[in-house]
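First up is the structure itself, then whatever we jot down about it.
The values are calculated or read from the model by the stated rules, or taken from the named source; none is laboratory data. Remember, predicted model here, so these are calculated numbers, not experimental data. Don't worry about glycine lacking a Cβ; one is built from the backbone with ideal geometry, like all the others, and counts go over all protein chains shown.
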Amino acid sequence: MITCAAVTEASKALGKTISASPERQREADSDSDIVRRVQEGDVAAFDQLILKYRQRIYGVIYNLTSNREDASDLAQEAFIKSFQSIHRFQGQSSFFTWLYRIAVNSTLSHLRKSRLRTFFSLEKINEDDPVSRELIAAVTDSTGADRGAHVKELQERLNEAFQKLSIRHRTVVTLFEIDGLSHQQIAEIMDCSVGTVRSRLHYAKQLLQAELQPYFNR
Amino acid sequence: MNADPKELPTLENLLRLKRAETPGPEFWTRFEAELRGRQLAAIVEKRPWWCAFPKVYVFALRHNRQIGSVAALAVASFFGYQEFHAFAANAHRSARIQVAYMVRSDTQSASARVFSAAAKPASVTIPSRTAATVATVSAEPVSHAGLELASSQSDDASLRPSARLIAATLAAARMNGTMGGEFAGLQTGFEPQAASLGAQMDEPLANMTTPSEERRSRLMASAVPARATGGGFSERVSERLASRLSDDRLYEQLSRYGVGATAVSIKF
């Protein structure tokens with residue numbers, strides 16, 4: 001029998017899981033102000049939201065499609081959709097989650113339509129970042145002219161392994177490992193439970209581990 | 001993250017490489033220009049009519065209680081009006097049935113009075129055919145009332161059980177009162193007497209004989225001597241003759257008849 005105390009404990013636990021961090025809360029508050037201005041007719045205020053989220057939105061879509069042109073089109077489409085339907089945004093979730101949901105759903109729809117037409121159009125890895133530079137050095141273990149070829153080969157193998165995942169598994173890995181979202185946020189964006197997110201993430205990692213095994217045994 | 005080159009890379013480290021796959025500044029310039037154009041096109045573009053459905057849906061979601069209340073009120077008003085309309089129609093039907101029964105009972109009492117008056121040959125000098133005509137004329141309202149009653153009974157099928165029961169009870173009560181008086185041959189009480197008096201007062205022409213009838217009866221009395229005896233057989237014969245002959249033929253034929261004290265002569 002479920003007691004009242006048990007329900008209260010469960011509610012507290014759920015509240016802890018759902019409640020956002022202070023940083024996320026501040027971000028959501030600032031977004032809600034901008035969104036309210038756009039809803040009141042200030043079209044220029046939407047540019048602030050574009051500047052704030054364009055890189056993250058593009059990054060997610062690019063990692064899902066592995067095609068920079070498609071990613072550019074889909075990111076613009078996501079912003080246009082959010083702009084057209086921003087009057088329907090009621091603030092029940094953060095604008096960030098809402099925008100991500102639009103972008104992910106648009107991308108999943110595009111991937112389902114063009115499942116048989118997959119080709120890469122990869123961005124160049126930015127080696128200005130010291131962390132990336134060191135990582136590339138550890139993985140390729142080469143210098144000079146061979147180093148660029150090795151980096152390119154590594155990038156292609158990584159994207160190939162990524163594209164072998166199903167769309168849902170790829171989305172979970174992208175949002176968690178690359179974009180750094182929490183399980184709860186991914187669950188909200190993908191409209192599924194946190195357990196489902198964890199299960200998909202575990203399964204996707206096993207597949208990627210098997211695909212990229214040669215790079216781990218160097 | 002551990003970026004030590006001497007350490008074996010993990011899957012998480014490899015996946016972090018994808019974070020470094022970022023476009024340059026020129027890409028964002030082009031991206032912003034394209035997005036601006038699409039945004040302006042989206043503002044200017046006329047949206048199709050079915051795009052209004054999500055707005056309606058959101059409005060309904062936000063005001064579902066008010067919309068539900070208004071809808072419930074509208075449905076209740078509709079059924080209430082229907083109920084009131086049906087009740088008013090039933091009341092009108094009941095009143096019509098009651099009037100029809102009243103007309104029927106009055107007419108029956110009047111016709112019964114006329115029949116009883118026609119059955120008294122000693123007090124009335126008009127021939128029996130006249131009485132039959134009067135009876136026929138008097139019977140017309142009865143048949144009309146019967147039709148009205150039949151139509152009312154056909155309307156009863158659409159009435160409610162309670163209304164039908166009330167109408168049937170009323171009809172049974174009226175029929176018992178009227179039929180009982182008829183079969184017993186008695187008009188007891190104030191109402192039947194008043195009804196019969198009213199019928200007499202209502203139709204004074206019914207008791208009058210027309211000039212043609214008087215002439216016919218006078219001629220037939222001179223043509224048929226047996227009529228003077230006042231026997232029932234001769235009366236029936238004269239009635240048959242009168243019914244067969246038209247006025248012109250009767251005048252024509254009477255000129256050929258000769259009446260004596262004990263015989264009738266006919267000229268050919």
Exercise. Those residues that are within 19 Å of residue A:209 (Cα to Cα) and either in contact with a helix residue (DSSP H, G or I) (Cβ under 7 Å, 6 or more places away or on another chain) or surrounded by fewer than 17 Cβ atoms within 10 Å (Cβ to Cβ) (or both), I need them from the stretch A:151-162; list them, please.
Key: A:151, A:153, A:154, A:156, A:157, A:158, A:160, A:161, A:162
Quiz item: For residues in the stretch A:57-87 being among the aliphatic types (A, V, I, L, M) and facing chain B (nearest Cβ under 8 Å), which is surrounded by the fewest Cβ atoms within 10 Å (Cβ to Cβ)?
Solution: A:80
Practice problem: Go through the stretch A:162-218 and give me each residue that's farther than 25 Å from residue A:96 by Cα and part of a loop (DSSP other than H, G, I, E, B). | Solution: A:165, A:212, A:217, A:218
Quiz item: Say we look at the stretch A:79-111 and pick out the residues that are without any contact (Cβ under 8 Å) to a residue 12 or more places away in the chain and not in a loop (DSSP other than H, G, I, E, B); which of these is farthest from residue A:63 (Cα to Cα)?
Solution: A:88
Practice problem: Collect the residues in the stretch A:88-110 that are among the hydrophobic types (A, V, I, L, M, F, W, C) and surrounded by fewer than 20 Cβ atoms within 10 Å (Cβ to Cβ), keeping them in residue-number order. | Solution: A:89, A:102, A:108
Practice problem: Examine the stretch B:7-18 for a residue that is more than 7 Å from chain A (Cβ to nearest Cβ), more than 30 Å from residue A:69 (Cβ to Cβ), modelled with pLDDT under 85 and surrounded by fewer than 10 Cβ atoms within 10 Å (Cβ to Cβ), and state whether such a residue exists. | Solution: no
Quiz item: Can you pull out the residues in the stretch B:31-88 that are within 10 Å of chain A (Cβ to nearest Cβ), exposed (fewer than 11 other Cβ atoms within 10 Å of the Cβ) and of a type in the set (Asp, Glu)?
Solution: B:45
Exercise. Would you mind stating whether residue B:100 is at the interface with chain A (Cβ under 7 Å from one of its Cβ atoms) and modelled with pLDDT under 75?
Key: no
Quiz item: Among the residues of the stretch A:166-184, how many are more than 8 Å from the chain's Cα centre (by Cα), surrounded by fewer than 20 Cβ atoms within 10 Å (Cβ to Cβ) and of a type in the set (D, E, K, R)?
Solution: 1
